[in-house]
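Undergrad: Quick one: structure below, then a few questions.
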Amino acid sequence: MELTYSDYLHLDELLDLQQPRSDPPEHDETLFIVVHQAYELWFKLLLHELEKIKADFVANQLYPAISTFKRARTIMKVMVEQVDIVETLTPMSFASFRDRLDKASGFQSVQFRELEFVLGYKRADMLKYQRPGTPAFERLERRLREPSVVDAFYAFLKQLGVTIPEYLEKRDPTLPTVPDETVEEGVLRLYKTQPNLEILFELMTDFDEGFQEWRYRHIKLVERSIGSKRGTGGSLGVEFLKKSLFSPVFPDLWAIRHRL
Ligand code: HEM
């Protein structure tokens, strides 16, 4: 039988996955489900692209890394824009089905944590919010122990003659990225002397800024939807989220900007 559009995309399964829990049905719950599912798909694609970037860096493939960062940056921009759609949900409309979420929260999104870990924003204590023994838990644990994009970036920079201090090369991969002045000096030199690397560094900065923008937009979304209420995931809500706001994933690229 001929392959159809629907077969290829598994549309029957995909379109059967939006199952509101409110009874009687609340009109806006469908939007809430579709948006979260769409985000999870974007997270999936970003993880896929970031894995490629890691491999490109390690193999010293500048141009493939540039084109993939361009894509990742563009996905990030779409993710930020999607917040506009969620903001059409009023606080009262959200309140009408919020209790159906029970303890479910984006806080438990394994792919979001994977994304943070791949980018080097490692917080081992986030594992405790996942059920041990599940495939998701194992995936996240593996990501925690794996080198991040930043570790791969060090390998790339080293091949370009940048000194990478030994403590960074031998570092425990489960710890978060730390800024380093020696790396910054090397990046600064490349920024000023190699225009093709400037393109890469600017795309990485765009991506990083996009991720911080997402956090900011999400916090404002939370603030306007639930104000100072606690999150369904059990955190303090806005106060908890503010802790990671403005944390760059590529701190060395931000630290040198006043010297460019
Ligand atoms: C009305 C809409 C939303 C509200 C009220 C809301 C609320 C919250 C709150 C209060 C938290 C803190 C954790 C907790 O639950 O205690 C949180 C975390 C989170 N939410 Fe949302 N959220 C909304 C929409 C979204 C959307 C559309 C996404 C997209 C995937 C999302 C993804 C996340 C993620 C990934 C976290 C963890 C962030 C971190 O740990 O830094 N949320 N959300």
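Undergrad: Which pairs break 25 Å Cα to Cα here: LYS44/LYS70; LYS44/LYS77; LYS192/LYS243; LYS44/LYS192; LYS44/LYS229? Let's see the in-between values first.
TA: Working: LYS44/LYS70 17 Å; LYS44/LYS77 15 Å; LYS192/LYS243 33 Å; LYS44/LYS192 35 Å; LYS44/LYS229 30 Å.
Beyond 25 Å: LYS192/LYS243; LYS44/LYS192; LYS44/LYS229.
Undergrad: May I ask you to list the chymotrypsin sites (Phe, Trp or Tyr not before Pro) in region 193-260 that are in a DSSP loop and have at most 13 other Cβ atoms within 10 Å of their Cβ? Please report the intermediate quantities before stating the final value.
TA: Numbers: sites: PHE201, PHE207, PHE211, TRP214, TYR216, PHE240, PHE246, TRP254; in loops: PHE246.
Answer in residue order: PHE246.
Undergrad: Set the Förster radius R0 to 30 Å, insert the Cβ-Cβ distance between GLN37 and THR174 as r into 1/(1 + (r/R0)^6), and round the FRET efficiency to 0.05. Don't skip to the end; give the middle numbers.
TA: Details: r = 30 Å, r/R0 = 1.00.
Approximately 0.50, to the nearest 0.05.
Undergrad: Given a 10 angstrom Cα cut-off, can you work out which residue in PRO25, PRO179, PRO64 is the most mobile in a GNM of the chain?
TA: Sorting by GNM fluctuation, first place goes to PRO25.
Undergrad: Report the Cα centroid-to-centroid distance between region 68-101 and region 1-21 in angstrom, as an integer.
TA: Taking the Cα centre of each part, region 68-101 and region 1-21 sit 23 Å apart.
Undergrad: Then there's this: Report relative contact order for region 153-260 in percent, whole number only (criteria: Cα-Cα under 8 Å, sequence separation at least 6). Each step should come with its number before you reach the end.
TA: On the way: 74 pairs, mean separation 32.6, N = 108.
Here the relative contact order equals 30 percent.
Undergrad: Diagonalise the Cα gyration tensor of the chain and give the resulting equivalent ellipsoid semi-axes, square root of 5 times each eigenvalue, largest first, whole Å.
TA: Semi-axes from the Cα gyration tensor: 36, 21, 18 Å.
Undergrad: A further question on this structure: As a test question: what accessible area, to the nearest 10 Å², does ASP23 have when a 1.4 Å probe is rolled over all protein chains in place?
TA: 120 Å²
Undergrad: Same structure again: So if R0 is 35 Å, what FRET efficiency would GLN159 and ARG131 give, r being the distance between their Cβ atoms, rounded to the nearest 0.05?
TA: Working: r = 41 Å, r/R0 = 1.16.
The pair GLN159/ARG131 has a calculated efficiency of 0.30.
Undergrad: Sequence gap at least 6, Cα distance under 8 Å: using those rules, report the relative contact order of the chain to the nearest whole percent. All intermediate terms of the calculation are to be shown ahead of the outcome.
TA: Details: 263 pairs, mean separation 58.8, N = 260.
Over the chain, the number comes to 23 percent.
Undergrad: Then there is this: Can you give the local net charge around GLU223? Use residues other than it whose beta-carbon is closer than 12 angstrom to its beta-carbon, Lys and Arg +1, Asp and Glu -1.
TA: Details: positive: ARG217, LYS220, ARG224, LYS229, LYS242; negative: GLU87, GLU239.
Net charge in that neighbourhood comes out at +3.
Undergrad: Still on this structure: Can you give the longest run of the chain that contains no GluC sites (Glu not before Pro) sitting in a DSSP loop with at most 15 other Cβ atoms inside 10 Å? Could the numbers behind the result be given before it?
TA: Working: sites that count: GLU2, GLU87.
Here the longest segment lacking exposed loop sites spans 88-260.
Undergrad: So what is the calculated 222 nm ellipticity per residue for the chain, using -39500 (n - 2.57) for each DSSP H run with n of 4 or more, over all residues, to the nearest 500 deg cm²/dmol?
TA: Numbers: 14 runs with 161 residues, N = 260.
Estimated from H runs of four or more residues: -19000 deg cm²/dmol.
Undergrad: Find out how many positive minus negative residues lie around GLU26, taking Lys and Arg as positive, Asp and Glu as negative, among other residues whose Cβ is under 12 Å from that of GLU26. Show your work: numbers first, answer last.
TA: Values: positive: ARG21, ARG98, ARG100; negative: ASP23, ASP28, GLU29, ASP99.
With Lys, Arg at +1 and Asp, Glu at -1, the neighbours total -1.
Undergrad: ³J(HN,Hα) across region 35-41 via Karplus (A = 6.51, B = -1.76, C = 1.60, θ = phi - 60°), whole Hz, x for Gly/Pro?
TA: Values, residue by residue: 5, 5, 5, 4, 4, 4, 5 Hz.
The values are calculated or read from the model by the stated rules, or taken from the named source; none is laboratory data. Everything quoted here is computed from the prediction, not taken from an experiment. For neighbour counting, all protein chains shown are included, and Cβ atoms are generated from backbone atoms with ideal geometry for every residue, glycine included. Heads up: the accessible areas ignore ligands, DNA and RNA and are worked out on the full protein's heavy atoms, side chains in. Shrake-Rupley method; radii C 1.70, N 1.55, O 1.52, S 1.80 Å.
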